[in-house]
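The values are calculated or read from the model by the stated rules, or taken from the named source; none is laboratory data. Keep in mind that this is a model prediction, so the values were computed, not measured. Methodologically, a virtual Cβ is constructed for each residue, glycine included, from the backbone with ideal geometry; neighbour enumeration extends over all protein chains shown.
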Amino acid sequence: MNRDSGSETKNIMKYFNKLEQIESFRDKEKNTLSSVTEKFDFRCNEYYLSLINWDDPDDPIRRAIIPSIEELDEWGRLDPSNEHTYSVMPGLEHKYNSTVLLLVSNVCEGICRYCFRKRIFINPQSEYLRDLPAAIRYIKEHTEITNVLLTGGDPLVLKTSKLEEIISQLRTIDHVHIVRIGTKMPAFNPYRIINDPDLLKMIEKYSSEWKKIYIMMHFIHPRELTDAAVKAVTMLQKAGAITTNQMPLIKGINADYKILAELLKKLSFIGAVPYYIFQCRPAMGNKAYTVPIEQGYEIVQKAKSLVSGLAKRARYVMSHSSGKIEVVGKTEQCTIFKYHRAADDLESGRIMVLKSNPNAYWFDDYTEIIEEYPNNLPYRIYGPE
Ligand code: SF4
């Protein structure tokens, strides 16, 4: 299937949404995996598929995009961070006081097998922003909002003119300084950026001295940093965007300290500030992509020990329903967490020392509190929500 990937310039990329369309893929595997794609959609383009070494069954790019039978293991939830709790209207989430999320797209250039928001592909209309004027009104009325994150789905799947319609309206609001675009497009299809001068002009127009556009990229493996990808990142930077990178720690892809170190190092070389390394959320179908938290902490620390200060700025965090919880340390008996951001401002910065649980995949798997600071806040119960 051919489709225009957002760009209004000529950018014909071949897309696949059925495994049968992929020649390099063996027939036997295609049949086995049809039960997976019936449950969780498959989508990819020819560029990203070209990064796969088909001779290697454990190829990390293959693991990122090609379905696996392990996705059928019963585990996780469709909305693991309870995003619905913070939805003010379909497609607008307001969890942290200075930041809102607008889910402006329900499509991605490819579908990552470890996606934490796969519910949007299962029920595409449910959380997509349909009433932009109402969202703009809400943001105008809430003067505490300084940051708007455009996400989805991938905002860069939208045509540039549609994206500009959204950003230009946000730029009429004095208190909104930062517009973030959360996108995997530089990894999935850098030509969407390279071949669209209008996108770069739009960024130049709306990223100014006190009002920057941040591009929150999603590189997960050093092999995604092709010449084309690095060129796209550089073009975004030259247009005036600040580029950062956030990624989950994924078993079989980057949950290996040497690979993670190489990725962090190269991201710092190209000016893509390593911002967050996420613990994989307990999303449905994701068990096989997830490492336990304490193992993840060791991997991140070892990787950080190999790179410069600029490369190790990323925090290892969980996007928990109560806030962004950083895994800050570990002793033989304890794991130490800190609210990097909290839905309830009172909790921000709170330190929690919890009894170690090497089998914990999420904050809720910790049940025993050793110490908290400050400890004069209302008593909280840890454990499953
Ligand atoms: S780019 Fe993000 S939203 Fe899209 S499939 Fe990947 S993880 Fe999910």
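A few notes on this one:
- Positions within the stretch 97-108 being at pLDDT below 95 and farther than 19 Å from D154 by Cα, in sequence order: N97
- Of residues in the stretch 234-257 being assigned to a helix (DSSP H, G or I) and surrounded by fewer than 20 Cβ atoms within 10 Å (Cβ to Cβ), the one farthest from the chain's Cα centre (by Cα): K238
- For the stretch 290-344, a residue qualifies if it is within 20 Å of A261 (Cβ to Cβ) and among the hydroxyl-bearing types (S, T, Y), and the qualifying residues are Y297, S305, S308, Y316.
- R137 among the basic types (K, R), in a loop (DSSP other than H, G, I, E, B) and farther than 21 Å from K39 by Cβ: no
- Of all residue pairs spaced 6 or more apart or on separate chains, those with beta-carbon atoms under 9 Å, a first member in the stretch 151-168 that is closer than 19 Å to P133 by Cα and basic (K, R) and a second member that is outside any loop (DSSP other than H, G, I, E, B) and away from the ligand (no atom under 16 Å from the Cβ) are K159/D4.
- Of the candidates T32, T85, T9, the single residue that is polar (S, T, N, Q) and at pLDDT 90 or above is T85.
- Residue in the stretch 116-123 that is out of contact with any strand residue (DSSP E or B) (no Cβ under 9 Å at 6 or more places or on another chain) and away from the ligand (no atom under 16 Å from the Cβ) present: no
- The stretch 72-131, subset of a type in the set (F, W, Y) and outside any strand (DSSP E or B), residue surrounded by the most Cβ atoms within 10 Å (Cβ to Cβ): Y114
- Flag if A241 is closer than 21 Å to I325 by Cα, small (G, A, S) and either touching a residue at least 40 places away in the same chain (Cβ under 8 Å) or in contact with a strand residue (DSSP E or B) (Cβ under 6 Å, 6 or more places away or on another chain) (or both): no
- Annotation for the stretch 103-113: no member residue is within 28 Å of E347 (Cβ to Cβ) and more than 13 Å from the ligand (Cβ to nearest atom).
- Taking residues in the stretch 99-122 that are more than 27 Å from H175 (Cβ to Cβ), and partners anywhere that are among the hydroxyl-bearing types (S, T, Y) and more than 10 Å from the ligand (Cβ to nearest atom), the pairs with Cβ atoms closer than 6 Å and at least 6 places apart or on different chains are N106/Y128; G110/Y48; Y114/Y289.
- Within the stretch 23-36, residues that are without any contact (Cβ under 8 Å) to a residue 60 or more places away in the chain reach partners that are in a helix (DSSP H, G or I) and of a type in the set (D, E) with beta carbons closer than 8 Å, at six or more positions or on different chains, in the pairs K30/E20; V36/E71.
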